[in-house]
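Reading through the structure tokens given below for one structure.
The values are calculated or read from the model by the stated rules, or taken from the named source; none is laboratory data. Please read these numbers as outputs of a predicted model, since none were measured by experiment. Note that we place each Cβ from the backbone using ideal geometry, even for glycine, and neighbour counts take in every protein chain shown. What goes into the accessible areas is simple: the full protein's heavy atoms, side chains included, and nothing from ligands, DNA or RNA. Shrake-Rupley method; radii C 1.70, N 1.55, O 1.52, S 1.80 Å.
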There are 2 protein chains.
Amino acid sequence: MNAIDGRAALGLDFGTESVRALLVSLDSGELGSAVVNYAHGQLTERLPSGVAVPPDGAFQHPGDWLDSAAAAVRQAIARSGIDPASVVGIGVDFTSCTMLPAMADGTPLCLVDRFSRELHAWPKLWKHHGAKSQTERINALARQRGEPWLARYGGTIGLEWFFPKMLETLDEAPHVFDAAEVFLEAGDWFVWQLVGGDASKLPRSTCQAGYKAMWNRASGYPSREFLAVLDPRLANVVAEKMPGRLLSPGERAGELTAAMASRFGLAAGTAVSAATIDAHAGVPGAGVAEPGTLVMVLGTSSCHMLNATVERLAPGIAGVVDGGILPGMFGYETGQAAVGDAFDWLRRLVGHQDFAELGAKAAELPPGAEGVLCVDWFNGCRTPLMDGSLAGAFSGLTLNHGPHHLYRAVLEATAFGLRWIVEVLRESGVPVERFVATGGLPHHNPLVVEVYADVLGAPITIAAARQGPALGAAILGALAAGPAATGLSTAAEAIHAMATPKSGGQARVVTPNAANRGRYDRLYKNYRALAEQLAEAERK
Amino acid sequence: MNAIDGRAALGLDFGTESVRALLVSLDSGELGSAVVNYAHGQLTERLPSGVAVPPDGAFQHPGDWLDSAAAAVRQAIARSGIDPASVVGIGVDFTSCTMLPAMADGTPLCLVDRFSRELHAWPKLWKHHGAKSQTERINALARQRGEPWLARYGGTIGLEWFFPKMLETLDEAPHVFDAAEVFLEAGDWFVWQLVGGDASKLPRSTCQAGYKAMWNRASGYPSREFLAVLDPRLANVVAEKMPGRLLSPGERAGELTAAMASRFGLAAGTAVSAATIDAHAGVPGAGVAEPGTLVMVLGTSSCHMLNATVERLAPGIAGVVDGGILPGMFGYETGQAAVGDAFDWLRRLVGHQDFAELGAKAAELPPGAEGVLCVDWFNGCRTPLMDGSLAGAFSGLTLNHGPHHLYRAVLEATAFGLRWIVEVLRESGVPVERFVATGGLPHHNPLVVEVYADVLGAPITIAAARQGPALGAAILGALAAGPAATGLSTAAEAIHAMATPKSGGQARVVTPNAANRGRYDRLYKNYRALAEQLAEAERK
């Protein structure tokens, strides 16, 4: 089938500070976009009511999401000059796990007067780190009981996830917990606001539920028995406070209500997709529809995502979720905690204003940075060791080494960390056959992709889209609209039609330099050996 | 006894670029000094005849030593205003092993016309690194034959030592080797020039011979059998080309000849001590006469010296020599290859112009630099592992660490390296009871001595003298003059009379902070563990 002429989809990409609206033609690229900041930004010091936020707290204002999105959509429509009625579908990606308690009618608890001064009534932003002890309790109990879901998350669940944040509320503010009629992800809350309906039908994303709330298509959320042992007051929480329908990203959550259509300047009845996580939207946004292609979202940290036709358990993965990224496939998420962040840290450490000199001199060095070896755990290790207490290291340093040696070593270390993840996936039986790089880094830092290709010994395609997650969200919107509205009958057709570069730049392929292969194989062994020593020392 | 009023001693301190002359009263401090550069400096690019020097070569011009010393002595006499006849003794310290071939009458071979274009006829400066393969051959053969002297040098002899440099001449320029009638240390050559006499009586220092030529009071130089296997042409080299008398520093080598007295503006007949190595002169120069006090000469690298009443073999020491530092005691030399050099490297790495900000911020950090651990092998490890191929490392790094964390970690690492040396000596049965710091660093960098005191858990006295080696040489000159001329009957008396601070500044004692003890004990264990991991990785 071919896309129907003159129709478009809308992607809404909710970040930490702002939302981006992107209008995409079903067959000829981007039509217009706009970014609007949240009026309250991140609430990390005080709530709007003046209540102080503790150092590990981070909240948001739910009103900002609707206000900013409406403004961004109106600006994007105006810039593109299109007829709003030509928008056939809306997709939404959101930071995650950003979660909130709400009333059964969707009203966020923090907007109910008597809860406005309660920290735990406010949406907890993904980076809210207040639930440390709760995370430890959940992990310890799951290990003790041998909970089957633990292995799908590489053996450890994360501090930023759904149940830790909810349990923190129960521990710290039981009256808030009691008052909450619904606990849900912010992305799901936003989609619910768009499509309306009562809480029993609120559309929950399999992506958020699968990666952040230990949900699984076959077995659902953690069992009543597990939750009861964790805290008796949690025994019935899934049945009582987590209502809704589980839908994969790209499945239709409903249609835009008249009220919301008016607020956003769109047509009532427009199809809306179930939400997805921002990074995961980068997979369709990078033009990747097929299993076996690792989509590397390279930014301050890196998130590596992959679809597969098989479900396998691999150590230290952030999760494997049926329909977690695209309908009908098992989505794998893995990650590296410090990538662009580590490069930037090194740059500041050596007192450089920018990367110009460092990058040029590092590019001239041979593989191995003339003896300097780095382990890139400057913010802990995600996949495969899932240990935030691990730290970074350099070895092989002599008085002859300069800043560019250390910079190249850090860059190579992140490449070795990536190779380790690929090997862990393959050794677990998950095919990894092709590589696509997206996110900010590949465009700003060509050396990083060259080194990654050399270290992987495989070509890397740099995705053309500079607004990958927003483009991915728009594709999910088109999928939700369905073939009759779009002329696109499958996810692969939609992705290829909408994410193949048009006038906006071509995908570029970086091929490995065969001459460096043996050298990097040896260096990778040295990296693994040093990493193993450091992990061993940490265990003592 | 008390020092005789109005009498003085002269110390001549020969460095790499210049010589320092220091006149010291026998009982009331420094009288005057002068520094004069060598006209030819270091010959590292071309000989005076225009012959190119290879990259690892470094030579000197022997005429410079006499010319510069004569000028420096005349300036110091003039500045002090003393009567030259009041100078009762002359001491000489010199870089080592700086060695040269000469004729039997003392003429350096390089000043014989037909050898002026021969590289190997010129004095090889201590830092000349042309004898790499020769050093390896000597070490390999000594290990294979189980030579008893090897253990006195911690199991390995050095690239810069006497026999490697001589063997290099035999390998590279056998006609130069054949023409040389005497091979000797530059310090010994200089003393020989001052006192005259034929080659059979030329005064050789037990310090240079012991630390750099594997000489031992009981067994002499390496055996004829060993040398014959090394190269048959070396079988008789000790008997035929290494004539002279072995004398400890402070023993009288002879008296100043009339010709030299006239050249230097001193009195003929003035007593002259056997030479010593520059660093070793720092021991009496720091006011240390007794056994059991570690004199830490802290500079670009660090040299830690100690006298003891027992001879013990310890791993990785640079040497133990009977009478090597002062007459009648066993002198131990140990070292760290990068100290001030490592601090300076780190400062440049992080782009700072000076240490002001780094030092101030590092001083505010708690022990352990908030998690950053360093191993200080940026120029290899001397004592105790004696392995130049080892390299430096950092571990425990996170995105929150800045330049001052790394600087403090490097500083602490050198303190841990020092503690390791002290433990190796003690475990080998060599008492180490007190600590004195001298050299440039203690005066420029107060934090380093504070950290060292904390890590050692012992007070450290900072020697007052800023010209320690020259003062030590003057003390040796006074010893050579003898009690009748000085009124000082023992080395200890002379040292206490001449090196106790007068008007020129007091010795300062830095006491350890008891609160840091347990913390540094744990950190030291971590340092040893990381160091062991790195050494293990290197061995693979």
Inset, instruction - Scan segment A:112-132 residue by residue and report those that are touching a residue at least 40 places away in the same chain (Cβ under 8 Å), part of a helix (DSSP H, G or I) and open to solvent by 80 Å² or more (accessible area, probe 1.4 Å). - result: A:132
Inset, instruction - For segment B:97-111, indicate whether the set of residues that are surrounded by 18 or more Cβ atoms within 10 Å (Cβ to Cβ), not hydrophobic (A, V, I, L, M, F, W, C) and not in a loop (DSSP other than H, G, I, E, B) is non-empty. - result: yes
Legend entry - Any pair with Cβ under 7 angstrom, 6 or more apart, that starts in segment B:44-57 at a residue that is farther than 14 Å from residue B:124 by Cα and ends at one that is assigned to a loop (DSSP other than H, G, I, E, B): B:48/B:40; B:48/B:61; B:49/B:116; B:49/B:117; B:51/B:117
Inset, instruction - Can you confirm whether segment A:315-336 contains a residue that is within 18 Å of residue A:11 (Cβ to Cβ) and among the hydroxyl-bearing types (Ser, Thr, Tyr)? - result: no
Legend entry - residue B:230, sole failed condition from (1) within 19 Å of the chain's Cα centre (by Cα); (2) at pLDDT 95 or above: (1)
Inset, instruction - Those residues that are at the interface with chain A (Cβ under 8 Å from one of its Cβ atoms) and either more than 22 Å from residue A:347 (Cα to Cα) or open to solvent by 70 Å² or more (accessible area, probe 1.4 Å) (or both), I need them from segment B:376-391; list them, please. - result: B:379, B:391
Inset, instruction - For segment B:357-370, state whether one or more residues are closer than 23 Å to residue A:373 by Cβ, facing another protein chain (nearest Cβ under 8 Å) and of a type outside the set (Phe, Trp, Tyr). - result: no
Inset, instruction - Tell me which of these residue B:465 doesn't satisfy, since it passes every other one: (1) within 19 Å of the chain's Cα centre (by Cα); (2) at pLDDT 95 or above; (3) among the small types (Gly, Ala, Ser). - result: (2)
Inset, instruction - Output the number of residues of segment A:234-254 satisfying the condition of being more than 15 Å from residue A:474 (Cα to Cα) and touching a strand residue (DSSP E or B) at 6+ places or on another chain (Cβ under 9 Å). - result: 10
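Rundown of residues vs (1) in a helix (DSSP H, G or I); (2) under 25 Å from residue B:383 (Cα atoms), yes/no style:
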{"position": "B:157", "(1), (2)": "no, yes"}
{"position": "B:167", "(1), (2)": "yes, no"}
{"position": "B:190", "(1), (2)": "yes, no"}
{"position": "B:204", "(1), (2)": "no, no"}
{"position": "B:211", "(1), (2)": "yes, yes"}
{"position": "B:227", "(1), (2)": "yes, no"}
{"position": "B:239", "(1), (2)": "yes, no"}
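Here is a yes/no grid of residues against (1) outside the structural domain of residue A:307 (by TED's automatic domain parsing); (2) aromatic (Phe, Trp, Tyr); (3) in contact with a Pro (Cβ under 7 Å, 6 or more places away or on another chain); (4) open to solvent by 10 Å² or more (accessible area, probe 1.4 Å):
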{"residue": "A:158", "(1), (2), (3), (4)": "yes, no, no, yes"}
{"residue": "A:164", "(1), (2), (3), (4)": "yes, no, no, no"}
{"residue": "A:171", "(1), (2), (3), (4)": "yes, no, no, yes"}
{"residue": "A:176", "(1), (2), (3), (4)": "yes, no, yes, no"}
{"residue": "A:179", "(1), (2), (3), (4)": "yes, no, no, yes"}
{"residue": "A:194", "(1), (2), (3), (4)": "yes, no, no, no"}
{"residue": "A:203", "(1), (2), (3), (4)": "yes, no, no, no"}
{"residue": "A:216", "(1), (2), (3), (4)": "yes, no, no, yes"}
{"residue": "A:232", "(1), (2), (3), (4)": "yes, no, no, yes"}
Legend entry - Tally of residues being aromatic (Phe, Trp, Tyr), within 14 Å of chain A (Cβ to nearest Cβ) and not in a helix (DSSP H, G or I) across segment B:396-449: 0
Inset, instruction - Just give me the residues in segment B:324-348 being over 18 Å from residue B:451 (Cβ atoms) and either touching a Gly at 6+ places or on another chain (Cβ under 7 Å) or open to solvent by 10 Å² or more (accessible area, probe 1.4 Å) (or both), in sequence order. - result: B:324, B:325, B:326, B:327, B:328, B:329, B:330, B:331, B:333, B:337, B:348
Inset, instruction - Scan (1) more than 14 Å from chain B (Cβ to nearest Cβ); (2) part of a loop (DSSP other than H, G, I, E, B) for the single condition residue A:320 breaks and write down its number. - result: (2)
Inset, instruction - Consider only pairs whose beta carbons are under 7 Å apart and that are at least six residues apart or on different chains; among these, list those whose first residue lies in segment B:517-535 and is more than 15 Å from residue B:372 (Cβ to Cβ) and within 12 Å of chain A (Cβ to nearest Cβ) and whose second residue is assigned to a helix (DSSP H, G or I) and of a type in the set (Asp, Glu). - result: none
Inset, instruction - Kindly indicate the residue of segment A:440-461 that is open to solvent by 10 Å² or more (accessible area, probe 1.4 Å) and of a type in the set (A, V, I, L, M, F, W, C) and also farthest from residue A:29 (Cα to Cα) among those meeting that condition. - result: A:456
Inset, instruction - Could you tell me whether any residue of segment A:358-369 is in contact with a Gly (Cβ under 6 Å, 6 or more places away or on another chain), open to solvent by 10 Å² or more (accessible area, probe 1.4 Å) and within 25 Å of residue A:532 (Cα to Cα)? - result: no
Inset, instruction - Scan segment A:288-309 residue by residue and report those that are open to solvent by 20 Å² or more (accessible area, probe 1.4 Å), in contact with a Ser or Thr (Cβ under 7 Å, 6 or more places away or on another chain) and either more than 17 Å from residue A:466 (Cβ to Cβ) or outside any strand (DSSP E or B) (or both). - result: A:291
Inset, instruction - Quick one: count up the residues across segment B:364-387 that are more than 23 Å from residue A:390 (Cα to Cα), outside any loop (DSSP other than H, G, I, E, B) and under 30 Å from the mean Cα position of the chain (by Cα). - result: 4
Legend entry - Residue within segment B:498-521 that is buried (at least 21 other Cβ atoms within 10 Å of the Cβ) and farther than 30 Å from residue B:393 by Cβ present: yes
Inset, instruction - State whether one or more residues within segment A:482-495 are under 17 Å from residue A:457 (Cβ atoms) and either more than 14 Å from chain B (Cβ to nearest Cβ) or in contact with a Leu (Cβ under 9 Å, 6 or more places away or on another chain) (or both). - result: no
Inset, instruction - Kindly check whether there is at least one residue in segment A:466-489 that is open to solvent by 20 Å² or more (accessible area, probe 1.4 Å), outside the structural domain of residue A:362 (by TED's automatic domain parsing) and free of Cβ contacts under 8 Å to residues at least 12 places away in the same chain. - result: yes
Inset, instruction - Residue by residue through segment B:150-183, note down the ones that are modelled with pLDDT of 95 or more, aromatic (Phe, Trp, Tyr) and within 24 Å of the chain's Cα centre (by Cα). - result: B:161, B:162, B:163, B:183
Inset, instruction - Write out, first by first residue and then by second, each pair whose Cβ atoms fall under 7 Å of each other, whose residues are 6+ apart or on separate chains, and whose first residue, in segment A:328-349, is more than 14 Å from chain B (Cβ to nearest Cβ) while the second is acidic (Asp, Glu). - result: A:330/A:311; A:330/A:322
